[in-house]
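Everything below concerns the one structure shown next.
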Amino acid sequence: MSSGTARSAPGLEPDRAAAAPDGRAMADQPKWRRDFPIDAGQDDYVSRRELVKFLVLTSGAFAAGQLWLVLKSYFELSFTGAPAAAVAAVDELPVGGAKTFEYPAGSPPRLLIRTGPASFVAYDQQCTHLLCPVVPVVDQGRLHCPCHNGWFDLATGQPVAGPPRRPLPRVTLEVRGPTVYATGVEVSPS
Amino acid sequence: MPVPDRFEFFVDPARCIGCQACIQACTECDTHRGQAMIQLDVLDREGSTQTVPVVCMHCDSPTCAEVCPADAIKRTEDGVVQTARKPRCIACNNCVLACPFGIPKMHSGMGLMMKCDMCYDRTSVGLKPMCASVCPSQALAFGTREEMARLRPDARPVNAFRFGQQTVRTKVNLMVPASAPDAVVDVTAAMFEPGVGHDMLEDVFDEPAEGREA
């Protein structure tokens, strides 16, 4: 950055690039002057330390975000089922009928579907794509999410078409006499 | 590529004949076609035909860049103060008001300050600036210091200017008579000196002098 000395008039100091008007050294200048240098080279310059700081902080933030996602899914998986709760009476639903319930209380809405005279299934009502409510289409044996035309298998909860990639969380059921009980929630890790 | 150190810009107002060739040449540049970045000042239209070509003096610590709130004016390593960076300039006019030489001009239609950058596209590849290449009397000269000393033995270059308490040092040189005693051109003192132009401050602040009324 040093310029030639020839351009100064006799008896004057040689030119210094980015000299401050008070003539003091750049190290003695206030921080704003060092942060906003007039010299084009310094203005474009990114120091190795700044680059390393940027790389470490951004990649650290990404890593922390990933770790947070892993921990979140781990704790959701390790959720142990609440005590069994009565969801509906067997006679309450016709074959092909459905109702929503919460299990455990305060959970996102779940969907209980009667697929046959003696068979029931229950899933999360929220599509695993963008949380739109899914609609059972029992005669096709599928669940439909109308938001983005996503389809799930009614028997297993696995996605079969459309944008969803993860299966619907399944609520395990038990029929005890005239009442259907929810006994637990199976969240597939994939 | 920086401007070679051995080439310097010399302005000699005493040689200016007011032909405006520099303005025409500057106007033809593709980067600011139709706008001259050089100004031709008439010192005293009533009393004299003297004109002074005014190019950017490229200060060592450029006041225009000091006052720029948008960090848009930068000085390259060869000491050339570049015109405002287009993405940064906010057309606030600070540089126009602050420059002691009155160089930057605001082009409000473009929202951009533009000023002389010593034809950086030419000088950085070893060519003369457009104005210096066309000036018939070489009031604007671009060359080496030795060449100037040989061609103009009665003049010497000065690149320090005093404005009150502040001394501004520049990359561009002003040619002064070799007999001039000082190494610094005292600009504010010259404002009060009738022999230089006319007593302009008295014109502004005092009663009109006898015989000067229209």
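The values are calculated or read from the model by the stated rules, or taken from the named source; none is laboratory data. Small disclaimer: the values here were computed from a predicted structure and weren't measured. Cβ: placed from backbone, ideal geometry, glycine included. Neighbour counts: every protein chain shown.
Some points to look at:
- Residue within the range B:84-94 that is under 16 Å from the mean Cα position of the chain (by Cα) and at negative phi present: no
Residue-by-condition table, conditions (1) under 19 Å from A:Glu186 (Cβ atoms); (2) of a type outside the set (A, V, I, L, M); (3) touching a residue at least 12 places away in the same chain (Cβ under 8 Å); (4) surrounded by fewer than 20 Cβ atoms within 10 Å (Cβ to Cβ):
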site: A:Thr100; (1), (2), (3), (4): yes, yes, yes, yes
site: A:Pro108; (1), (2), (3), (4): yes, yes, yes, yes
site: A:Val121; (1), (2), (3), (4): yes, no, yes, no
site: A:Pro136; (1), (2), (3), (4): yes, yes, yes, no
site: A:Val160; (1), (2), (3), (4): yes, no, yes, yes
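- The lone exception for B:Asp154 - which of (1) under 18 Å from B:His58 (Cβ atoms); (2) surrounded by fewer than 20 Cβ atoms within 10 Å (Cβ to Cβ); (3) touching a Ser or Thr at 6+ places or on another chain (Cβ under 9 Å); (4) free of Cβ contacts under 8 Å to residues at least 40 places away in the same chain it fails: (1)
- The set of residues from the range B:163-185 being of a type in the set (Ser, Thr, Tyr) and either farther than 16 Å from B:Cys56 by Cα or more than 10 Å from every other protein chain (Cβ to nearest Cβ) (or both) comprises B:Thr167, B:Ser179.
- Whichever residue in the range A:1-46 is surrounded by 14 or more Cβ atoms within 10 Å (Cβ to Cβ), among the basic types (Lys, Arg) and in a loop (DSSP other than H, G, I, E, B) and, among such residues, is modelled with the highest pLDDT: A:Arg16
- The range B:106-127, subset without any contact (Cβ under 8 Å) to a residue 40 or more places away in the chain and of a type outside the set (A, V, I, L, M, F, W, C), residue farthest from B:Lys171 (Cα to Cα): B:Gly109
- When B:Ala84, B:Ala65, B:Ala70 are screened for being within 14 Å of chain A (Cβ to nearest Cβ), farther than 24 Å from B:Ala139 by Cα, of a type in the set (Gly, Ala, Ser) and in a helix (DSSP H, G or I), only B:Ala65 passes.
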